[in-house]
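A.B. asks: Supplied in structure tokens, the structure appears directly below.
Read-outs throughout are calculated quantities, based only on the coordinates presented, and are distinct from any laboratory measurement. Since this is a predicted model, take the numbers as computed values, not measurements. Neighbour counts run over all protein chains shown; Cβ positions are idealised from the backbone, glycine included.
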Amino acid sequence: MAKIDILIPAMGEGITEATITQFLKKVGDYVEEDDSIMEIATDKVDSEIPAPQSGTLIEFLFEEGDTPKVGDVVAIIATEGEEVNQVAKKENIPQQKEEKQKEEEEAAVSPSTIEEDSLPMNSKTENGTFLSPLVRSIAQNENITPQELNQIKGSGKDGRITKNDLLSHLENKKTQAPSTSLKPIESPLVAETEAIASHKSYEGENVEIIEMDRMRKLIAQYMLKSKQVSPHVTSFIDVDVTGLVHWRNRIKDDFLKKQGQKLTFTPLFVEAVSKALQDYPMVNVSVDGDRIIRKKFINVGMATALPSGNLIVPVIKAADELNLVGLTTKVNDLAVRARSNKLQADEIKGSTFTITNLGAFGSTTGTPIINQPEVAILAVGAIKKKPAVIESPEGDSIGIRHIMVLSLSYDHRVVDGSLGGMFLKRIAENLENFDTNRTI
């Protein structure tokens, strides 16, 4: 009866385009409403585009590897009764796509002189070949220079370089690189690393070469950048959370019945951190050159492990304005959708402070890397039963207590040891002095 356009959705401030990484359906398929049609990727997040209505998929207006803009029509669905067209041939690419490429060519500026070892940040090569964000990201991670990109012959439309072209180029570089090209290095540590890298056990059938996926490359890039930008300092504190543990154990079943939510420790940690940030607002900042930007809002990121082994940080916006029920609902919702790749781009940006729960994997403590552009990150260790000295008016005694270690990594450019220590102590006090008579 009608043709329904499928658009690239808005995915948050600053995101204007997305790369189509994979079609999940093919032309001629009947799709139900909310069925995933294709996967798209930005520099921030991977997501899927669902069918807005049930019908037959009659046309794709772009190809895998293309980079349409937000609002572009990428596919068309015909609802029941609409005539279904045959697959559009490549030579009949819609006018919309041709106009998009023309606009890109007209808007392109001549690239400025680039040093030989600098990273390719322009959307086109010096030869005028368009580069998608995915290709640019891979090139940047692999330190491929603009001059090197010019030498790659693209197999895409109009000679565009595709992801496979770039990966093939990298593989050829590895096979062609001479094993004797290593230069002598005076540093014993670097020399030892070099010797290990050239060890013959890294060759042949006794090793497996695993290529990093896109998300792992981005994580590696962000972690390296954070260490380069921020001088990290880490402080530690033991916290007696016996009262908190007993309160949660007592109330969690009723909480589930009343609220329909599983009460984990994470929302309790978020609550304690939010209160501490209100007391010490100079931890809730970022650095811009010689300026310190203090945020008057508290958005807490929670590092979440994915089934793939990668990591993502969904953000609890305005965490200080939510009660415990609201925090629990938000934490559970973000965690579930993070693990099923259903997060929106806006839900993984804008954090002002991050929490990572090392205790979920049995670790007692760690030294986390700051999530830029924040200036601090809290690692929560596993809660363990330990013997501890209990002070009372009647004297000291030894008892079994639930103890955990909190570790705070902070940017020493703006957070000194005194501020970092007081802030960490306040989080510990919020947890240790938890009101065990609290009701929900």
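A.B. asks: From Cα coordinates alone, what are the radius of gyration and Dmax values for the range 233-432 in angstrom?
C.D. replies: 17.1, 56
A.B. asks: Evaluate the distance, in nm, between pseudo-label points positioned 7 Å from the Cα of Gln221 and of Asn164 along their respective Cα→Cβ axes.
C.D. replies: Distance between the two pseudo-spin positions: 2.3 nm.
A.B. asks: OK, next. Round to the nearest 0.05 the FRET efficiency obtained for Asn172 and Asp416 when R0 = 41 Å and r is the Cβ-Cβ distance.
C.D. replies: Computed FRET efficiency for Asn172 and Asp416 comes out at 0.25.
A.B. asks: Now, a different point. Given Cβ point charges of +1 (Lys, Arg) and -1 (Asp, Glu) and nothing else, what value in debye, to the nearest 20, does the dipole of the range 233-432 about its Cα centre take?
C.D. replies: Charge dipole of the range 233-432: 720 debye, to the nearest 20.
A.B. asks: Okay, next question. Taking the Cα-to-Cβ direction at Arg250 and at Lys317 and moving 7 Å from each Cα, how far apart do the two end points lie in nm?
C.D. replies: For the pair Arg250/Lys317, the computed spacing is 3.7 nm.
A.B. asks: When a/c is below 1.5 the answer is rounded, else prolate if a/b is larger than b/c, else oblate, so apply that to the range 306-364 with a ≥ b ≥ c taken from the square roots of the Cα gyration tensor eigenvalues.
C.D. replies: Oblate, since a/c reaches 1.5 and b/c is not below a/b.
A.B. asks: Can you give the FRET efficiency to the nearest 0.05 for Val207 and Arg339, using r as the Cβ-Cβ distance and R₀ = 45 Å?
C.D. replies: The calculated FRET efficiency here is 0.90.
A.B. asks: Which length gain, in nm to one decimal place, applies between Val229 and Gln151 when the Cα-Cα distance is subtracted from 0.36 nm times their residue separation?
C.D. replies: Length difference between fully extended and current span is 24.8 nm.
A.B. asks: Name the shape class, rounded, prolate or oblate, that the alpha-carbon gyration tensor gives for the range 236-296, where a ≥ b ≥ c are the square roots of its eigenvalues, rounded holds for a/c under 1.5, and otherwise prolate holds if a/b is larger than b/c and oblate otherwise.
C.D. replies: Verdict is prolate for the range 236-296.
A.B. asks: With r as the distance between the Cβ atoms of Glu394 and Asn143 and R0 = 45 Å, compute the FRET efficiency 1/(1 + (r/R0)^6) and round to 0.05.
C.D. replies: 0.10
A.B. asks: Over 26 Å between Cα atoms, which of Lys386/Lys425; Lys258/Lys384; Lys217/Lys262; Lys262/Lys384 qualify?
C.D. replies: Where the Cα-Cα span goes over 26 Å, the pairs concerned are Lys258/Lys384; Lys217/Lys262.
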